[in-house]
């Protein structure tokens, strides 16, 4: 399924007349030929399965009861949407995505501003900053769950005891705040991502204009508010969009840190369970279709804004 | 990263500058600290690793690594390497000509095609998982590394197409015209004129594709078993034993993350280009 975006970028004009002439047609196919392998591959591998999912979502199909396979109408959708678990999963997915993307975007912006100065050891600080993003997500989740959050030997409680002595509070972080535990672990991984894109955005500012504004007596805040921020807007949008694409689908952290327990099961995890553990194929597919519809709604808006970043360099 | 930007009026207050520098260092250390802690713990004995409060100066030991390698991680590491390298190669092979047809000699409605590619990235992986599983099951393709290679290729192809297109659109047209005047064929033009100019773009795309394939868990978890299991799946099945295992888990996490850490550190700038789909160079 493709998202209809109608990007505002101008379509290049083709020289020459309409499709009537043979030459023109051969030319078109010569142009298309290099594109076709990738395009066909993507359609077969990503679109066909989704069509099957769409069909399955209207079917009664549980692998445990193979005889009862048949047409179910909108039953699966009704069951999915009235199910408290799914509704909680939808809510968790929204909270998780918005929480992680917003917090890492704000932190990423502040750190990018900090790193957008010359200072001793800047390269080292930048390298330290991107390290979390380079830890394999499952490993990062294990690290947070066992080495940091664990109530009896995790670093957080260890530091509490080290600082406040034997009577220091020793909270069970994950049980107390399961969703925030996941959000923090993910913010730690995604802030570097946001920071890298925003830092690159900051460094692409037209310096002469900013210098001129400084000479003209504009304050630091004015320069940030009226020059830097508008310039950064498209970079903010791009990093938010890309971050959302990945965080919405997060499976690793939920699977590893809480196994979807304590009310932290998001949609990917719920669908994984419905299909992998409960083998209710019809219902898993209906949930999948709902996720896709939700994603299309968000993506249609998001893609529009991203196309603006690429619009400038599309003229050829 | 070019363009060393200094805040223009920054010279006025030296003290503020030092404070900001200090803050930057503190933030950097905070972010890297969990990884350093993981590294240190991986070299402790299980008894020392489980101490509370932590014993930072405990004697170093290779026990965690020995125990990890004793659990037989090599096949899964080899599978991860195979899946990541082959899918990355396949991605570049497919994406490069496609990017050419979307930039240098664009097809009609090329923007629609470009956004079609990106929109497939927004299609949640879970929505296609079931049919892929059923299909693989019916043709006996489950637990086969080639299934992962194909899926990782589809996962990363849109990223590579976007990135390479963005690089290719910077190839100066004069070079291409000169090549076509000389009567060079399409393949020759691609290989000897375009490729050298966009090699940095190919490197960025390959780096990102490699990292994303290496990290992938959901497909690998559902579609592989004992034979084609990848390193992230191996990691998830790792913490089953009761008793002390923290040093072992940290050692395992370090080993599995090492290829990505090395690749990412070695090519930090490529990382930025890749993450921004080539929008930032």
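Read the figures in this text as sums done on the coordinates, not as results from a lab. This is a predicted model, so every value here is computed, not measured. Cβ atoms come from the backbone with ideal geometry, glycine included; neighbour counts cover every protein chain shown.
Counting Cβ atoms of other protein chains within 10 Å of each Cβ in B:249-262 and taking the mean gives 4. Using 0.36 nm per residue and subtracting the Cα-Cα separation, the extra length available between residue A:298 and residue A:233 on full extension is 21.6 nm.
Pairwise Cα separations in segment B:8-63 fall into 5 Å bins from 0 onward with the following percentages, short to long: 4, 17, 17, 14, 10, 10, 8, 8, 6, 5, 2. Size descriptors for segment B:199-281: radius of gyration and Dmax over Cα atoms are 15.7, 50 Å. Counting only other chain Cβ atoms within 10 Å of each residue's Cβ, the peptide B:80-91 averages 0. Scattering from segment B:73-237 was approximated by placing one identical point on each alpha carbon and applying the Debye formula without solvent; log10 I(q)/I(0) at 0.20 1/Å stands at -1.19. Across chain B, the mean sequence separation of Cα contacts (distance under 8 Å, 6 or more residues apart), normalised by length, yields a relative contact order of 30 percent. The packing ranking of peptides B:194-206, A:132-144, highest mean first, is A:132-144, B:194-206, where packing means the average number of other beta carbon atoms within 10 angstrom of each residue.
Computed from Cα atoms, the angle from the helix B:246-266 axis to the main principal axis of chain B rounds to 30 degrees. Listing A:67, B:112 from fewest to most neighbouring C-beta atoms within 10 Å gives A:67, B:112.
FRET efficiency for the residue A:33 to residue A:164 pair, using the beta carbon distance and R₀ = 60 Å, is estimated at 0.30.
List residues of segment B:179-194, by number, whose backbone nitrogen lies under 20 Å from a label position 7 Å along Cα→C-beta of residue A:26. Only B:180-189 pass the distance filter. Shielding of peptide B:19-31 by partners, expressed as the average count of other chain Cβ atoms within 10 Å per residue Cβ, is 6. Note on segment A:98-257: along the principal axes its Cα atoms extend 58, 38, 25 Å, ordered by decreasing extent. Solvent-free Debye calculation, one equal scatterer per alpha-carbon of chain B: log10 I(q)/I(0) at 0.08, 0.09, 0.11, 0.15 Å⁻¹ equals -0.49, -0.61, -0.84, -1.16.
The label point for residue B:51 and the one for residue B:78, both projected 7 Å from the Cα toward the Cβ, are 4.0 nm apart. Computed over the Cα atoms of chain A, pair by distinct pair, the Kirkwood hydrodynamic radius stands at 23.5 angstrom. Sequence-distant contacts, meaning Cα pairs under 8 Å at least 6 residues apart, place the relative contact order of chain A at 32 percent. The packing ranking, built from the mean of other Cβ atoms within 10 Å per residue, places the peptides A:190-203, B:64-77, A:227-240 in the order A:190-203, A:227-240, B:64-77, highest first.
Take the Cα pairs of the protein assembly as shown, get the Kirkwood Rh, then feed it into Stokes-Einstein at 25 °C and 0.890 mPa s and tell me D in µm²/s.
Here the translational diffusion coefficient equals 95 µm²/s.
Each peptide among A:281-293, B:221-233 gets the average number of other Cβ atoms lying within 10 Å of its residues, and from highest to lowest they stand as A:281-293, B:221-233.
When each of B:44, A:279 is scored by the number of other beta-carbon atoms lying within 10 Å, the sequence from fewest to most is A:279, B:44. The ranking of B:91, A:45, A:51 by Cβ neighbour count inside 10 Å, starting from the fewest, reads A:51, A:45, B:91.
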